[in-house]
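Q: The structure is given below, and queries will be raised subsequently.
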Amino acid sequence: MSGKASIVVFSNELDRACSAFTIANAAAASGMEVTMFFSCWGVNVVRRKEARWVGSGLFPRFLSFFTRGGAGKLPLSKFNLLGLGGFLMRRRMKAQNIQSVPEMMADARDLGVKFLVCDNPMAIMDLKREDLIDEVDDIVGAAYYINEASGSEITLYI
Amino acid sequence: MTPDLVLDCSGMRCPRPIVEMAKAMRRMGPGQVLELLVTDPVAKKDVPAWCQKTGNEFLDEEETSGHFKFHVRKQG
C-alpha cells in the first residue's frame, strides 16, 4: 500500500458520483488504501434500490420516494429534466464504453475500497442498516473521518 | 519481448484499463511482464503515471493506428 485517500461523497448526482468512483478506483488501483464517506445526499448512492417509502413520518417518506432507485438511477446535477437527462446520460456513457456507477462500485469493492456512511443523514431520512447495500462496511461519525483524513495524502469532498 | 500475461483492454475507457491492470497484477509474480492492449489514448499518460506511483517498471510502448501496446514489469 502506498498512501491513503479519503473521499467524502456528499452528493447523490450521477455526474458527481462518477467523478468520486473514478478517482477512488484509480487511487485503489494505484495501491492506495481508499475510504469513501457517504454523507448527506451521498447516502442515497449506497441505498438499496428497492428501499422505497422507508421511515416513519411524512418528510422521511417524501425524501425516500423522491430519491429512490439506488446507484443505478441517480439524477444529473444539471439538465436532469425529471430524469430524462439522467437516462440519456447513462445511455451515452454506455455507448462510449464508460462504466456505470454500479459497475464502478463493484470494481471499488474488488480493489478493497471501504464504504462508510455518516450517521446523521441516516437519522434524518429514518434509514436503518438494512436499507443500505451489503457492501457498506460501517456507520461512523465525523471524528472517524477526521482520523482517516489526517493520515491521508489525498482528501476530496465531492 | 514475450509477456507472461496479455491483457486486452481495447474499447475500455478511463479508469477501467488501470483497474483491470491492477487486478491482473495481483495474479502475477514479481519480475513478470504484463502486455496491456488499449485504445483509450489517455493510457499514454496514465500507464507511465501508474507505474511511477506503484513502483512497477514501465518497459516500452508501441502505437499502431490508434492501438496502444504497453509492457510493464511487476516490481520485484
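Q: For A:27-40, what's the mean count of beta carbons from other chains sitting within 10 Å of each residue's beta carbon?
A: Partner Cβ neighbours, averaged per residue: 3.
Q: Here is a follow-up. Mind checking B:21-31 for the average number of partner chain beta-carbons within 10 Å of each residue's beta-carbon? Kindly include the intermediate steps, with their values, before the conclusion.
A: On the way: counts 1, 9, 4, 0, 2, 2, 0, 0, 0, 0, 0.
If you average over the peptide's residues, the count of other-chain Cβ atoms is 2.
Q: With a cap of 10 neighbouring Cβ atoms within 10 Å, and only residues DSSP puts in a loop, list the chymotrypsin sites (Phe, Trp or Tyr not before Pro) found in segment A:1-62. Working shown, then result.
A: Details: sites: A:Phe10, A:Phe21, A:Phe37, A:Phe38, A:Trp41, A:Trp53, A:Phe62; in loops: A:Phe10, A:Trp53.
Within segment A:1-62, the qualifying chymotrypsin sites (Phe, Trp or Tyr not before Pro) (loop, at most 10 other Cβ atoms within 10 Å) are A:Trp53.
Q: What residues qualify as long-range amide H neighbours of A:Ile139, i.e. H under 5 Å apart, gap of 5 or more or another chain, H built at 1.01 Å from N?
A: Here the answer is A:Val117, since their amide H atoms fall under 5 Å of that of A:Ile139.
Q: A further question on this structure: For a test of understanding, tell me how many lysine pairs in chain A have Cα atoms under 16 Å apart, given they are 8 or more places apart or on different chains. Can you show the working numbers first?
A: Working: A:Lys4/A:Lys114; A:Lys49/A:Lys73; A:Lys49/A:Lys128; A:Lys73/A:Lys94.
Lysine pairs satisfying the spacing and distance rule in chain A number 4.
Q: Hey, can you rank B:24-35, B:56-67 by average C-beta count inside 10 Å, highest first?
A: Values: B:24-35: 14.4, B:56-67: 12.0.
Ranking, from highest mean packing down: B:24-35, B:56-67.
Q: Please state the shape class of chain A: rounded when a/c is under 1.5, otherwise prolate if a/b exceeds b/c and oblate if not, all from the C-alpha gyration tensor.
A: On the way: a/c = 2.00, a/b = 1.16, b/c = 1.73.
Oblate shape, in that a/c is at least 1.5 and b/c is the bigger or equal ratio.
Q: Let me ask another. Just counting partner chain Cβ atoms within 10 Å, what average do the residues of peptide A:107-115 show around their Cβ? Before the final figure, lay out each step's value.
A: Numbers: counts 6, 1, 0, 4, 4, 0, 0, 0, 0.
If you average over the peptide's residues, the count of other-chain Cβ atoms is 2.
Q: Across segment A:105-111, in residue order, what do the Karplus-derived ³J(HN,Hα) couplings come to in whole Hz, using 6.51 cos²θ - 1.76 cosθ + 1.60 with θ = phi - 60° and x for Gly and Pro?
A: So the J values, rounded to whole Hz, are 5, 5, 4, 4, 5, 4, 8.
Q: Classify chain B as rounded, prolate or oblate, taking a ≥ b ≥ c as the square roots of the eigenvalues of its Cα gyration tensor: rounded when a/c is under 1.5, otherwise prolate if a/b is larger than b/c and oblate if not. Mind dumping the intermediate values first?
A: Details: a/c = 1.55, a/b = 1.41, b/c = 1.10.
Since a/c reaches 1.5 and a/b is larger than b/c, the shape of chain B is classed as prolate.
Q: What residues have an amide H closer than 5 Å to that of A:Tyr157, excluding those fewer than 5 places away on the same chain, when H is modeled at 1.01 Å from N in the peptide plane?
A: Sorted by chain and number, the residues that satisfy this are A:Val8.
Q: Using θ = phi - 60° and the Karplus form 6.51 cos²θ - 1.76 cosθ + 1.60, what ³J(HN,Hα) does each residue of segment A:127-134 get, whole Hz, x for Gly and Pro?
A: Whole-Hz 3J(HN,Hα) from phi for segment A:127-134: 9, 10, 3, 6, 7, 9, 5, 4.
Q: Could you list A:Arg47, A:Arg109, A:Arg91, B:Arg73 in order of exposure, starting from the residue whose Cβ has the fewest other Cβ atoms within 10 Å? Mind showing how you got there, number by number?
A: Details: A:Arg47 25, A:Arg109 16, A:Arg91 10, B:Arg73 19.
Ordered from fewest to most neighbouring Cβ atoms within 10 Å, A:Arg47, A:Arg109, A:Arg91, B:Arg73 come out as A:Arg91, A:Arg109, B:Arg73, A:Arg47.
Q: Here is a follow-up. Using the Cβ atoms and a cut-off under 12 Å, what net charge is assigned to the surroundings of A:Lys78, where Lys and Arg are +1 and Asp and Glu are -1? Kindly include the intermediate steps, with their values, before the conclusion.
A: Values: positive: A:Arg16; negative: A:Glu13, A:Asp15.
Computed value for this residue: -1.
Q: Find out how many positive minus negative residues lie around A:Ala5, taking Lys and Arg as positive, Asp and Glu as negative, among other residues whose Cβ is under 9 Å from that of A:Ala5. Don't jump to the answer; show the numbers that get you there.
A: On the way: positive: A:Lys4; negative: A:Glu33, A:Glu153.
So the surrounding residues net to -1.
Q: Could you compute the net charge surrounding A:Thr35? Neighbours are other residues with a C-beta less than 12 Å from the C-beta of A:Thr35; K and R count +1, D and E count -1. Numbers along the way, then the final one.
A: Working: positive: A:Lys4, A:Lys114; negative: A:Glu33, A:Asp137, A:Asp138, A:Glu148.
Net charge around A:Thr35: -2.
Q: Still on this structure, I have one more. Starting from 0.36 nm per residue, how many nanometres of slack lie between A:Leu81 and A:Phe59 once their C-alpha separation is accounted for?
A: Details: separation 22, 0.36 × 22 = 7.92 nm, distance 2.32 nm.
Length gained, A:Leu81 through A:Phe59: 5.6 nm.
Q: Using θ = phi - 60° and the Karplus form 6.51 cos²θ - 1.76 cosθ + 1.60, what ³J(HN,Hα) does each residue of segment A:18-29 get, whole Hz, x for Gly and Pro?
A: 4, 4, 4, 6, 4, 5, 4, 6, 5, 5, 5, 5
Q: Can you give me the C-alpha center-to-center distance between segment A:28-63 and segment B:43-69, rounded to a whole angstrom?
A: Answer, in whole Å: 36.
Q: Arrange A:Leu63, B:Leu36, A:Leu82 by Cβ neighbour counts within 10 Å, fewest through most, would you?
A: Values: A:Leu63 20, B:Leu36 23, A:Leu82 8.
Neighbour counts put them in this order, fewest first: A:Leu82, A:Leu63, B:Leu36.
Q: Also: If amide H atoms are built 1.01 Å from N in the plane of the peptide, which residues on other chains or at least 5 residues away come under 5 Å of the amide H of B:Leu59?
A: B:His71, B:Val72, B:Arg73
Q: Then there is this: Where the Cα atoms of segment A:6-93 are projected onto their three principal axes, how long is each span, largest first, in whole Å?
A: Projected onto its principal axes, the Cα set of segment A:6-93 covers 44, 31, 20 Å.
Just so you know, all these numbers are worked out from the coordinates, no wet-lab data involved. All values reported here derive from a predicted model rather than from experimental measurement. So basically every Cβ, Gly included, is an ideal-geometry build from the backbone, and we count neighbours across all protein chains shown.
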